Every structure is written in structure tokens, then in C-alpha cells.
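Reviewing the structure listed below.
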Amino acid sequence: MPPEFTRSVDISIQQLHTFRKVMECGGYAAAAKVSHLSTPAVWQHIQALENAYGVQLFERVGRQVKPTAAATRLHEVVDEILVRLESAFDVVQESHSEEAIRIVTGVRMMIEDLAGPFARFRQRHTNRLEIRHGNNARAEELLLAGETDIAMSLESGFQQESPLIHYEPAYLVEFFAVTNPDHPFAKAKPASLRSLVKHELIVTVPGTHGRNALDHALHKEGLHANIAVETDNSAFTFACVRVGMGVGIVAGRLNGELCKGLVIRSLRQQLGQRQIVFRWRKGQLLTEPVLDLIDEVKQLDNSL
């Protein structure tokens with residue numbers, strides 16, 4: 001057998017786990033503590049990997065280490081391999097009916113979109129659902145820590161996507177303005193961006209995908225928003241609208257529970273549609289119940 005097919009026999013799974021911990025912890029001593037190894041053992045594992053790959057993986061920076069470009073590339077590959085190996089234990093088990101499925105999502109999405117699909121899933125499965133609230137950053141944190149199975153959120157911009165997380169389309173939502181029936185914008189004709197910026201707005205915080213879409217559209221038309229309130233989730237936006245604090249800009253579904261009693265003006269033409277996406281760790285093998293739950297949620301695209 002040619003040598004190139006046998007190089008991996010010199011690498012152990014333990015060494016790869018150690019490498020990942022050093023990447024996460026930023027130092028040998030910190031990685032040793034969480035891995036229950038000695039610091040010299042961690043150093044030996046890293047040295048063995050450097051010898052096997054023929055590259056330097058870390059550079060000393062004070063008491064910590066800085067990953068090289070080679071280490072960053074290797075980490076993306078190694079993380080996916082280890083996640084796949086770890087999730088294989090769940091997939092090969094004969095029964096998954098008693099396993100909890102851990103989910104992170106937004107408040108508005110849970111209230112308006114997901115409660116129905118989750119209820120239909122529970123009619124077919126006995127798996128306990130553990131549902132937690134979290135924005136994009138929190139969802140990514142929990143995924144990378146192995147504390148949740150899947151997350152659902154508005155798609156991120158390309159530059160915001162993590163190389164360690166898999167993204168898959170779930171269903172479409174659209175942008176719209178929401179306000180009280182007696183607000184002047186409720187009767188504005190047409191419901192244009194030019195008429196919208198005459199009023200105080202309730203928008204998501206800078207850096208979010210929805211805010212970026214609004215800012216881009218306003219910039220294109222040479223308009224400036226009169227921002228009264230910034231929120232980090234749509235449910236907060238609806239609460240502010242109901243007490244008369246301004247016109248809310250939301251990405252969601254026009255027939256949602258939170259829309260009842262309010263006036264909805266579509267901004268699809270100005271801001272377009274966006275995907276809600278599933279997110280899970282790259283390499284993670286999903287069990288049959290999780291796959292069924294994903295398929296159930298995807299049916300929401302048929303009712304937009």
C-alpha cells in the first residue's frame with residue numbers, strides 16, 4: 001500500500017481531541033485542565049500532530065498560543081470529523097424515542113411559526129423537546145459547546161457564517177412594517193420607504209440581517225431612518241408597536257399570532273424575502289426523529 005494511504009495511522013483520536021481543546025482554550029495549560037491531562041501530555045499530542053502533518057500548528061504569545069493558518073484549516077476539518085464520530089453513537093442506537101431533542105430559536109418564531117409543527121411532530125414521536133430562546137450568537141455558542149442539537153434563525157450574511165456550522169434552508173419569511181390601526185402609516189399610500197421614514201421606527205440592532213437589509217435599501221434611495229427603538233428580537237418589536245412607540249420592521253409571516261389587531265404593510269418589494277435556516281454542527285449525524293422534525297418545519301414554506 002502506498003505511504004500516502006497510511007499516514008493517518010500515526011494520528012490518534014485523542015490527539016485530535018487535544019488539538020481541538022487547545023484551539024478552543026488558547027493554551028496548553030487551559031486545554032490540559034479541561035481534558036484531564038497533564039500539560040506535557042498536551043504538548044506531546046500537539047508535537048505528534050505537527051510531525052505527522054509537517055507543519056507548525058501554534059506559536060507562543062506570552063502564556064498562550066496563537067494558531068497558525070495551518071492550524072485554522074486543520075481545525076475546520078478535525079472539528080467536523082470529531083463531531084461525526086461523537087454523533088455516530090446516537091445514530092447507531094436502536095431506539096431514539098426517549099432521546100430529548102434540544103432546540104434553540106427566537107421568541108417570534110416559536111410563537112408564530114414553530115408551535116404547530118412541533119405539536120404535529122409530537123403526535124408521531126415521544127421525544128421530549130427542550131426549546132430555548134437564543135439569537136444567532138447565542139445559538140452558535142450553544143451549538144459549538146454541544147449544548148443544543150439544532151438551531152433556527154434568520155439567515156446570516158455570508159461573512160457572518162461559521163465554518164464549523166452547517167446551514168440549511170428551512171422556510172421563507174418576508175419583511176413587513178407593522179403598526180397600530182390608528183397610526184398615520186397604516187393608511188399611507190403607497191407603503192413606500194419614503195413614507196416609512198417619516199415616522200419613528202422600531203428596528204433590530206445593527207449587524208443583524210434584517211437591519212442590514214433595511215439600511216441597504218434606505219441607502220440605495222438616499223433615505224435616513226428615524227429610529228426610536230432598537231430590539232434584538234421581533235417579539236420585543238411587536239410589544240413596542242402595541243404601546244404606540246412607532247412603526248416596527250419585522251421579518252416573519254403575515255398571518256402570525258403577534259400580528260392580530262395590528263396593521264401589516266408588506267415590504268417584500270423593497271426588502272425582499274429571507275430564509276429561516278436550520279443550523280447544526282458540521283459533521284453531525286442526525287437521528288431519524290430530528291430529520292422528521294426538520295421535514296415537518298420545512299412544510300411551513302407551503303403555507304406562506
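Some points to look at:
- All conditions but one from (1) outside any helix (DSSP H, G or I); (2) within 28 Å of L300 (Cα to Cα) apply to R211; the one that does not is (1).
- Among the residues making up the stretch 113-160, those that are of a type in the set (G, A, S), surrounded by 14 or more Cβ atoms within 10 Å (Cβ to Cβ) and in a loop (DSSP other than H, G, I, E, B) are G134, S156.
- Each residue in the stretch 175-199 was checked for being buried (at least 17 other Cβ atoms within 10 Å of the Cβ) and either closer than 28 Å to S156 by Cβ or among the charged types (D, E, K, R) (or both), and 9 of them qualify.
- Hits in the stretch 245-256 - residues which are modelled with pLDDT of 95 or more and surrounded by fewer than 17 Cβ atoms within 10 Å (Cβ to Cβ): M245
- Residue list for the stretch 234-291, filter: more than 15 Å from V173 (Cα to Cα), touching a Leu at 6+ places or on another chain (Cβ under 6 Å) and either in a helix (DSSP H, G or I) or acidic (D, E) (or both): F238
- Of the strands (runs of 3 or more DSSP E) that lie entirely inside the stretch 1-109, those containing 1 or more residues that are within 30 Å of A251 (Cα to Cα) span 101-105.
- Checklist (1) under 12 Å from the mean Cα position of the chain (by Cα); (2) free of Cβ contacts under 8 Å to residues at least 60 places away in the same chain; (3) under 15 Å from F278 (Cβ atoms) applied to M110, failing item: (1)
- Of all the residues in the stretch 200-226, those that are basic (K, R) and buried (at least 21 other Cβ atoms within 10 Å of the Cβ) number 0.
- Qualifying residue in the stretch 170-179 (condition: outside any loop (DSSP other than H, G, I, E, B) and farther than 30 Å from K298 by Cα): no
- Just one of (1) buried (at least 18 other Cβ atoms within 10 Å of the Cβ); (2) charged (D, E, K, R); (3) at pLDDT below 95 fails for R279. It is (3).
- For the stretch 30-72, a tally of residues being of a type in the set (S, T, Y) and surrounded by 18 or more Cβ atoms within 10 Å (Cβ to Cβ) returns 1.
- Residue check for L293: modelled with pLDDT of 95 or more, closer than 22 Å to A139 by Cβ, under 18 Å from the mean Cα position of the chain (by Cα) and surrounded by 14 or more Cβ atoms within 10 Å (Cβ to Cβ): yes
Yes or no, residue by residue, for (1) assigned by TED's automatic domain parsing to the domain that holds W280; (2) touching a residue at least 12 places away in the same chain (Cβ under 8 Å); (3) of a type outside the set (D, E, K, R):
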{"site": "K21", "(1), (2), (3)": "no, yes, no"}
{"site": "G27", "(1), (2), (3)": "no, yes, yes"}
{"site": "K33", "(1), (2), (3)": "no, no, no"}
{"site": "S38", "(1), (2), (3)": "no, no, yes"}
{"site": "W43", "(1), (2), (3)": "no, yes, yes"}
{"site": "Q64", "(1), (2), (3)": "no, yes, yes"}
{"site": "A70", "(1), (2), (3)": "no, yes, yes"}
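The values are calculated or read from the model by the stated rules, or taken from the named source; none is laboratory data. Small disclaimer: the values here were computed from a predicted structure and weren't measured. Glycine also receives a Cβ, built like all others from the backbone with ideal geometry; neighbour counts cover every protein chain displayed.
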